[in-house]
Amino acid sequence: MQALTTEEQQSQEQAETAWEPPMPPTELIFDDGTPLESNRHRIAMNVLIDSMLTALAHRDDYFAGGNMFIYYSSTQARNQDFRGPDFFVVLNVDGRTDRQGWVVWEENGRYPDVIVELLSPSTAKVDKGLKKDIYEQTFRTPDYYVYDPFDPNSLQGWHLNANQEYQRLVSNQHGWLWCQRLGLWLGTWQGTLTRETAVWLRFYDDAGNLILLPEEVEHQRAEVEHQRAEVAQQQAEAAQQQAEVERQRAEAAQQQAEVAQQQAEAAEQQLEGAQQEGFRQGVLRQLLRQLRYRFGSIPVDLESHLQVLELERLEDLVEVVLTAGSLEQFVSRLP
């Protein structure tokens with residue numbers, strides 16, 4: 001082998017010193033104009049994304065996206081080999097940054113922690129084949145799921161095991177699959193969302209409670225406030241009714257007291273009347289004795305007349321009988 005001259009050595013050293021690795025492309029495409037398979041696919045994607053707003057409301061170090069390109073290598077970007085999961089979550093990143101897509105080399109090499117692909121007849125083979133291999137071998141995404149919004153029994157999932165290989169997840173008694181990275185269950189839920197009734201893919205917490213969407217949380221909050229208002233109104237009405245009952249009870253007690261007072265007054269009056277009648281009878285007897293003592297027998301009509309006179313008149317007649325000279329004179333003094 002011929003030895004290099006000094007000039008050739010210097011030239012080679014300069015070339016080696018000047019070499020730099022090629023920079024990743026900067027003009028990236030974030031929309032290829034291809035829409036989602038159907039309106040149901042769009043709703044299903046938004047449901048998963050919006051669920052994170054509730055499930056991860058306590059933190060801001062995550063990013064959840066859907067139908068967005070993920071760029072992970074210069075070769076892939078140059079070849080326009082687009083990879084856009086229908087739904088993905090990346091944890092422990094700045095969640096306040098607005099992104100058109102996920103560019104791995106701009107995110108400190110971070111790949112999605114969770115990916116969900118919404119199957120369709122045209123994508124099912126790729127989603128469960130080529131994409132699954134990329135997510136397993138290149139992305140090293142810990143949790144990967146596929147679901148066809150038009151097939152309630154299509155949910156499948158895999159978790160990256162210790163050997164960095166996808167292991168098929170086993171569903172629980174509800175048919176849900178555990179998502180280890182999020183600490184949530186992923187399962188189906190039947191209902192109406194955005195005016196479309198279907199079996200949707202939803203998240204559940206570890207206790208089995210449905211992770212509500214923001215609008216469902218707001219609706220629930222409004223419902224709770226409405227129920228509280230109804231309870232407060234019922235309590236106010238009950239208090240008003242109780243107050244009315246107490247008022248009626250007080251009125252009844254007052255009426256009873258008045259009746260009792262009237263009865264007491266009547267009894268007192270009766271007692272006074274009885275006492276006065278007793279006095280009157282006593283004075284009458286005294287008067288009759290004096291008349292018989294002075295004038296002998298008393299005519300029946302005179303005695304009957306004396307029987308109906310009041311106490312005061314009888315007392316006056318007791319004085320009259322003492323001064324009258326005859327029965328006729330006494331009778332002339334009668335009222």
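Things worth noting here:
- Residue-by-residue Karplus 3J(HN,Hα) for region 47-56, coefficients 6.51, -1.76, 1.60, Hz, glycine and proline x: 4, 5, 5, 5, 4, 5, 4, 8, 5, 10
- Database remark: amide H of Asn67 closer than 5 angstrom to the amide H of Asp86, Phe87 (H placed geometrically; neighbours at sequence offset of 5 or more, or on other chains; Pro and chain starts carry no H).
- Residue among Arg96, Arg280, Arg40 with the largest mean-square fluctuation in a Gaussian network model of the chain, springs linking Cα atoms under 10 Å: Arg280
- Between the amide H of Val103 and those of Tyr71, distances stay under 5 Å, these residues lying 5 or more places away or on another chain, with hydrogens modeled in the peptide plane.
- Relative to the dominant Cα principal axis of the chain, helix 6-18 is inclined by about 20°.
- Region 110-121 - phi-based ³J(HN,Hα) in whole Hz, Karplus 6.51/-1.76/1.60, Gly and Pro as x: 7, 10, x, 8, 9, 9, 10, 10, 8, 6, 8, x
- Heavy atoms of the protein chains alone define the surface here; on that basis the chain has 62 Å² accessible area per residue at 1.4 Å probe size.
- Note on region 183-335: Cα-Cα pairs beyond 20 Å make up 74% of the total pair count.
- Longest to shortest principal axis, alpha-carbon extents of region 236-302, angstrom: 85, 18, 6
- Span per principal axis, largest first, for the Cα atoms of the chain (Å): 191, 48, 39
- Take the Cα of Ala232, step 7 Å toward its Cβ, do the same at Glu215, and the gap between the two points is 2.8 nm.
- Helix-derived mean residue ellipticity, 222 nm - over the chain, DSSP H n ≥ 4, -39500 (n - 2.57), to 500: -15500 deg cm²/dmol
- Percentage, to the nearest whole number, of Cα pairs in region 135-195 over 17 Å apart: 45 percent
- DSSP bridge orientation in the chain - percent antiparallel, rounded to nearest 5: 80 percent
- Sorted largest first, the spans of the alpha carbon positions of region 271-335 along the three principal axes are 38, 20, 19 Å.
- Computed over region 68-211, the percent of Cα pairs more than 25 Å apart is 30.
- Accessible-area rank, largest first, for Arg249, Arg181: Arg249, Arg181, with all protein chains present and a 1.4 angstrom probe.
- Vicinal HN-Hα couplings computed from phi for region 252-264 (Karplus, 6.51 cos²θ - 1.76 cosθ + 1.60; Hz; Gly/Pro x): 5, 5, 5, 5, 4, 5, 5, 4, 4, 5, 4, 5, 5
The values are calculated or read from the model by the stated rules, or taken from the named source; none is laboratory data. Every value quoted in this text rests on a predicted model; they were computed, and no experiment measured them. Glycine also receives a Cβ, built like all others from the backbone with ideal geometry; neighbour counts cover every protein chain displayed. Areas reflect the complete protein model, heavy atoms only, side chains present, ligands, DNA and RNA absent. Shrake-Rupley method; radii C 1.70, N 1.55, O 1.52, S 1.80 Å.
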